[in-house]
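The values are calculated or read from the model by the stated rules, or taken from the named source; none is laboratory data. Values in this document were obtained by computation on a predicted structure and should not be read as measured data. Positions of Cβ are generated from backbone atoms using ideal geometry, with glycine treated the same way; all protein chains shown enter the neighbour counts. Please note that ligands, DNA and RNA were not included when accessible areas were found on the heavy atoms of the full protein model with its side chains. Shrake-Rupley method; radii C 1.70, N 1.55, O 1.52, S 1.80 Å.
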Amino acid sequence: MSTWYEQAIFYHMYPLGITGAPKTNVQTEVTDRFKELDQWIPHIRSLGCNAIYIGPLFESSSHGYDTRDYKLVDRRLGTNDDFREFTKLCHENGIKVVVDGVFNHTGREFFAFKDIQEKKWDSPYKDWYKGVNFGWQSPLGDPFGYEAWQGHFELPCLNLYNQQVKDYLFDVIRFWMDEFDIDGIRFDVGNEVSHRFLKRIREHVKAMKPDIYLLGEIWHDASQWLMGDEYDSVMNYPLMSGIHDFFIDRTMKKEDFEYMVNHCYTMYMQQSNNVLFNLLDSHDTERLMNRFRDLDIFYQQLAVLFTMPGSPCIYYGTEIAMEGSFDPDCRRCMPWDNLHTEENQRRIHEIQKLIHLRKTEPSFKSLYFHFPEEYRDDRLVHYIKLDRNQNQIEILLNCAQEDVTLQEKGEILFQRQYKNGRLYPKGVLIRRR
């Protein structure tokens, strides 16, 4: 039976950035920024997206991944009631809501860590964290050492083999589902969360809500997490990296593109390919437009995103080709008024066309594709998508320096830099075959 996330088109929001919230959480009062986030819902729906991945949301000290309180919405964004209303509005507009679950580590202001700081070896929480050792001090001056995520001592790692920790986090997830009616959880650093913990999580949450979506943040081959008893999907960073490398390295040929795509999809079981979370950028990467600052190449890559198997996701600002280098620049505020300029409305229209085709053309989301050998041009990417009824569309991307003559045939569904049978450099053509 098909799941909602097999048909999902995601819009990724980093709420602290998109609203321009303060970088550090030192305020005592709550600021309601959900009023601003609420107005994005009609916009997201108008694009054609039907799911939001939003986070982190819960009380933290700085960037959101140093959690203070898992059951309290970050005061820089609003209250629990504000987020509950946001989720309700999303559902009323046919939009699913997936939140960030940061279960590998906490911040240093989390209650359990603070208790160890105060009571040391007498703390009942001393086994809640990995590698707690009272024989040395942390670089941040704590009277004990501990394992930190990638050496960042502001992010102490939780001990997910401790039953009390597991019970606490199970309760957190139940709370989110009961209080906010969320539709999914994205597991931060999902490859570092223990398999046993994930299996138990899945048993618990699927019993409560069978169609809840469990997404793992994994940057490499994640096949061992997609055996049906842990994640429903993973973030397809290998595909993102492969697309990026091909467009950056002009010595690569279309055969390299074919190999990359086939590799990204043959590493998983076929049923997993239909739900892979496909992206071209995120809050952890340089923005797509930043890599080339060329709209034609930008839309070539988006054409690949929306015609590959899996669930496509665009990062906030992609619809207007927003620029931004790596964190924190890729998390910058996006003023609402920027959407309404004439130039940005043209860019939004292009995204809307691709999303509309993704939703209405079965071949766009089909698992079935192949690379024909009709053209000899080394940098002319050409692949065919087929639906279950053998209807076909073809996607052509001219990544060379010269224009290419194509046979004029079939209904054109999407085009840039194409005219009178000639596909110009940086051009894209999608048509029925």
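Expressed as an acute angle from 0 to 90° and rounded to the nearest 10, what is the orientation of the C-alpha long axis of helix 163-180 relative to the principal long axis of the chain?
Once rounded, the angle reads 60 degrees.
Under 5 Å between amide hydrogens, which residues at least 5 positions from LYS96 or on another chain qualify, with H placed 1.01 Å from N in the peptide plane?
So LYS96 has HN proximity to ALA51, ILE52.
Give the lysines whose C-alpha is closer than 18 Å to that of LYS365, dropping any in the same chain fewer than 8 places away, or say none.
Candidates past the 8-residue exclusion: LYS353, LYS385.
To the nearest 20 Debye, how big is the dipole of the range 121-198 about its Cα centre, given +1 on the beta carbon of each Lys and Arg and -1 on that of each Asp and Glu?
For this selection, approximately 320 debye.
Rounded to the nearest 5, what % of the DSSP beta bridges within the range 45-160 are antiparallel ones?
Looking only at bridges with both residues in the range 45-160, the antiparallel portion is about 65 percent.
Efficiency by 1/(1 + (r/R0)^6): what FRET value for ASP178 and ASP221, r their Cβ-Cβ distance, R0 = 30 Å, to the nearest 0.05?
0.30
Of the DSSP beta bridges with both residues in the range 126-268, give the percent that are antiparallel, rounding to the nearest 5.
40
For the chain, give me the percentage of DSSP beta bridges that are antiparallel, rounded to the nearest 5 percent.
In the chain, DSSP labels about 55 percent of beta bridges as antiparallel.
Quick one: net charge around GLU230, please, counting Lys, Arg +1 and Asp, Glu -1 for every other residue with C-beta under 14 Å from its C-beta.
Spelling it out: positives minus negatives among the neighbours equals +1.
With a ≥ b ≥ c taken as the square roots of the eigenvalues of the C-alpha gyration tensor of the range 51-199, please select rounded if a/c is under 1.5 and otherwise prolate if a/b is larger than b/c or oblate if it is not?
Judged from the Cα gyration tensor, the range 51-199 comes out prolate (a/c at least 1.5, a/b above b/c).
Work out the length of the dipole vector of the range 371-433 about its Cα centre, built from +1 on the beta-carbon of each Lys and Arg and -1 on the beta-carbon of each Asp and Glu, and round it to the nearest 20 debye.
It comes to approximately 240 debye.
Select from SER62, PHE113, VAL234 the residue farthest towards the positive end of the dipole of the chain; place +1 on Cβ of Lys and Arg, -1 on Cβ of Asp and Glu, and compute about the Cα centre.
VAL234
Just from its helices, what would the mean residue ellipticity at 222 nm be for the chain, if runs of 4 or more DSSP H residues each count -39500 (n - 2.57) and the sum is divided by every residue, rounded to the nearest 500 deg cm²/dmol?
-9500 deg cm²/dmol
Taking the Cα centre of the chain as origin, work out the dipole magnitude from +1 charges on Lys and Arg Cβ and -1 charges on Asp and Glu Cβ, in debye rounded to 20.
My answer is approximately 740 debye.
Given a 1.4 Å probe, how much area per residue of the range 333-391 is accessible, in Å²?
The answer is 56 Å² per residue.
How far is it, in nm, from the label point at GLN407 to the one at HIS263 when both lie 7 Å from their Cα along the line to the Cβ?
So the two model labels end up 3.2 nm from each other.
Can you give me the Cα centroid spacing of the range 189-263 and the range 384-426 in angstrom?
29
Using the heavy atoms of the protein chains and a 1.4 angstrom probe, tell me the accessible area per residue for the range 207-305 in square angstrom.
I get 35 Å² per residue for this part.
At 1.4 Å probe size, with no ligands or nucleic acids counted, give the accessible surface of VAL404 in Å², nearest ten.
Surface accessible to solvent at VAL404 totals approximately 10 Å².
Picking from ASN273, ASN93, ASN191, which is most flexible by a Gaussian network model of the chain using Cα springs under 10 Å?
Fluctuation is largest for ASN93.
Remind me, relative contact order of the chain in percent, using alpha carbon pairs under 8 angstrom and six or more residues apart?
13 percent.
Calculated FRET efficiency, ASP81 and ASN133, Cβ-Cβ r, R0 56 Å, to nearest 0.05?
Once the sixth-power term is evaluated, E becomes 0.85.
Can you find, among TRP149, SER223, SER123, the residue sitting farthest towards the positive end of the charge dipole of the chain, where Lys and Arg contribute +1 and Asp and Glu -1 at Cβ?
SER223
Label point 7 Å out from TYR368 along Cα-to-Cβ: which residues of the range 302-325 have amide N under 15 Å?
Taking a point 7 Å out along Cα→Cβ of TYR368, the residues of the range 302-325 whose backbone N falls under 15 Å are 309.
Under a 10 Å cutoff between Cα atoms, tell me which one of ARG331, ARG376, ARG416 has the largest fluctuation in the Gaussian network model of the chain.
Result: ARG376 has the largest fluctuation of those listed.
Roughly how tilted is helix 195-208, in degrees to the nearest 10 and between 0 and 90, from the longest Cα axis of the chain?
80
Using a Förster distance of 25 angstrom, determine the FRET efficiency expected from the C-beta separation of THR28 and GLN117, and round it to 0.05.
0.70
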